[in-house]
Amino acid sequence: MEPSLPAITHVIFDVDGLLLNTESLYTQTTERVVGQFGKQFTWELKLQQMGKKGSEAAADIVRSLDLPLTPEEYLEQSGRIWQQLFPTTELMPGAERLVRHLHRHGVPMALASGGGAPAFKLKTSRHGALFALFTHAVLASTEPEVTNGKPAPDVYQVAARRFAVPPARPENVLTFEDAPNGVLSARAAGMPCIMVPDPRMPEEMTRPATLVLTSLEHFRPEDFGLPPFEA
């Protein structure tokens with residue numbers, strides 16, 4: 001962890017793989033689409049596209065696997081599978097406890113995701129009460145103000161500007177991510193970032209993070225000047 005971090009006044013969370021256990025569902029979807037053409041979706045390719053805008057991730061997959069699809073066709077096929085899978089989405093360990101704790105103590109929270117609005121609605125359909133605690137969500141795939149997806153800083157910068165009372169400085173915003181592209185996005189925006197990576201993540205890809213945890217359950221709010229969890 002970096003020494004003497006500025007006071008944290010706001011928090012921004014990623015969604016997929018951080019709050020919601022959707023990464024396995026995305027993998028299932030991609031495997032089903034590319035498997036039609038005898039292609040294999042590898043962990044290395046997944047690492048490249050995690051956290052990106054949907055259109056950018058789709059273009060990466062189509063190009064890397066030389067699929068006989070346009071990115072738009074790939075997304076159309078994926079969308080039909082998401083309709084089946086995403087309403088089953090579960091929360092990641094520690095996510096609900098942390099979000100409810102910060103809300104209870106009046107810490108403004110927002111979401112910054114590479115996904116789009118239709119998928120977000122499906123993924124959060126079982127968890128509406130929890131996601132209502134966030135002041136706003138910036139969904140890069142359907143947000144015109146986000147010109148560039150992660151790892152560019154746009155989505156975090158837009159999310160910070162949209163707080164009713166914006167943070168004084170980027171350093172006052174604590175971010176949470178699971179993907180390397182997301183960490184790079186938050187850090188490019190000048191914000192400290194806590195990473196909760198997949199256990200398969202190469203260590204060198206976690207180094208830009210301010211702090212790396214194996215689970216949100218292990219986060220100690222008091223280490224960042226936030227109210228500690230009640231006993």
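When the residues of the stretch 37-55 are filtered to those that are surrounded by 20 or more Cβ atoms within 10 Å (Cβ to Cβ) and within 21 Å of residue 120 (Cα to Cα), which remaining residue is nearest to the chain's Cα centre (by Cα)?
First pass over the stretch 37-55, keeping only residues surrounded by 20 or more Cβ atoms within 10 Å (Cβ to Cβ): 41, 49-54.
Imposing the further condition that a residue be within 21 Å of residue 120 (Cα to Cα) reduces the set to 49-54.
Values: 49: 12, 50: 9, 51: 6, 52: 9, 53: 11, 54: 12 Å.
That would be 51.
For the stretch 134-144, check the following and say yes or no: at least one residue is at pLDDT below 95 and over 24 Å from residue 89 (Cβ atoms).
yes
Determine whether residue 98 is within 22 Å of residue 217 (Cα to Cα), in contact with a helix residue (DSSP H, G or I) (Cβ under 6 Å, 6 or more places away or on another chain) and crowded, with 19+ Cβ neighbours inside 10 Å. Spell out how you get there, then give the answer.
Numbers: within 22 Å of residue 217 (Cα to Cα): yes; in contact with a helix residue (DSSP H, G or I) (Cβ under 6 Å, 6 or more places away or on another chain): yes; crowded, with 19+ Cβ neighbours inside 10 Å: yes.
Yes; evaluated as a whole, the condition is true for this residue.
Can you tell me which of 183, 146, 155 is among the hydrophobic types (A, V, I, L, M, F, W, C) and in a loop (DSSP other than H, G, I, E, B)?
Working: 183 fails: in a loop (DSSP other than H, G, I, E, B); 155 fails: in a loop (DSSP other than H, G, I, E, B).
Answer to the check: 146.
For the stretch 39-49, state whether one or more residues are basic (Lys, Arg), outside any helix (DSSP H, G or I) and either out of contact with any strand residue (DSSP E or B) (no Cβ under 6 Å at 6 or more places or on another chain) or touching a residue at least 12 places away in the same chain (Cβ under 8 Å) (or both).
Looking only at the stretch 39-49, we keep the residues that are basic (Lys, Arg), and these are 39, 46.
Now drop any that are not outside any helix (DSSP H, G or I), which leaves 39.
With the extra rule that they be either out of contact with any strand residue (DSSP E or B) (no Cβ under 6 Å at 6 or more places or on another chain) or touching a residue at least 12 places away in the same chain (Cβ under 8 Å) (or both), the set shrinks to 39.
There is at least one residue in the stretch 39-49 that is basic (Lys, Arg), outside any helix (DSSP H, G or I) and either out of contact with any strand residue (DSSP E or B) (no Cβ under 6 Å at 6 or more places or on another chain) or touching a residue at least 12 places away in the same chain (Cβ under 8 Å) (or both).
Go through (1) outside any helix (DSSP H, G or I); (2) assigned by TED's automatic domain parsing to the domain that holds residue 178; (3) over 21 Å from residue 230 (Cα atoms) and name the single condition residue 118 misses.
Of everything listed in (1) outside any helix (DSSP H, G or I); (2) assigned by TED's automatic domain parsing to the domain that holds residue 178; (3) over 21 Å from residue 230 (Cα atoms), residue 118 misses just condition (1).
Determine which member of the set 63, 97, 32 is farther than 24 Å from residue 200 by Cβ and part of a helix (DSSP H, G or I). Explain how you work it out, then say what you get.
On the way: 63 fails: farther than 24 Å from residue 200 by Cβ; 32 fails: farther than 24 Å from residue 200 by Cβ.
Among 63, 97, 32, only 97 is farther than 24 Å from residue 200 by Cβ and part of a helix (DSSP H, G or I).
Only one of 189, 152, 209, 168 is under 23 Å from residue 95 (Cα atoms) and modelled with pLDDT of 95 or more. Can you tell me which? Outline the logic, then answer.
Details: 189 fails: under 23 Å from residue 95 (Cα atoms); 152 fails: under 23 Å from residue 95 (Cα atoms); 168 fails: under 23 Å from residue 95 (Cα atoms).
One residue alone meets the criteria, 209.
Name the single residue that is surrounded by the fewest Cβ atoms within 10 Å (Cβ to Cβ) among those in the stretch 141-175 being in contact with an Asp or Glu (Cβ under 9 Å, 6 or more places away or on another chain) and closer than 20 Å to residue 46 by Cβ.
149
Collect the residues in the stretch 203-226 that are in contact (Cβ under 8 Å) with a residue 12 or more places away in the chain and in a loop (DSSP other than H, G, I, E, B), keeping them in residue-number order. Reasoning before the result, please.
Filtering the stretch 203-226 for residues in contact (Cβ under 8 Å) with a residue 12 or more places away in the chain gives 205-206, 208-219, 221, 223-226.
Matches in the stretch 203-226: 206, 208, 209, 210, 213, 214, 215, 219, 225, 226.
What are the residues in the stretch 42-54 that are at negative phi and in contact with a Gly (Cβ under 8 Å, 6 or more places away or on another chain), if any?
Of all residues in the stretch 42-54, those at negative phi come to 42-50, 52-54.
50, 52, 53, 54 - these are the residues of the stretch 42-54 that are at negative phi and in contact with a Gly (Cβ under 8 Å, 6 or more places away or on another chain).
Pull up the stretch 17-34, narrow it to residues that are without any contact (Cβ under 8 Å) to a residue 24 or more places away in the chain and either surrounded by 21 or more Cβ atoms within 10 Å (Cβ to Cβ) or in contact with a helix residue (DSSP H, G or I) (Cβ under 9 Å, 6 or more places away or on another chain) (or both), then point me to the one that is nearest to residue 89 (Cα to Cα).
Taking the stretch 17-34 as the starting set, the residues that turn out to be without any contact (Cβ under 8 Å) to a residue 24 or more places away in the chain are 24, 26-27, 31.
Then drop every residue that is not either surrounded by 21 or more Cβ atoms within 10 Å (Cβ to Cβ) or in contact with a helix residue (DSSP H, G or I) (Cβ under 9 Å, 6 or more places away or on another chain) (or both), which leaves 26-27.
On the way: 26: 11, 27: 13 Å.
Here the answer is 26.
The values are calculated or read from the model by the stated rules, or taken from the named source; none is laboratory data. Since the model is a prediction, treat every value here as computed from it, not as a measurement. Using ideal geometry, Cβ is built from the backbone for each residue, glycine included, and neighbour counts are taken over all protein chains shown.
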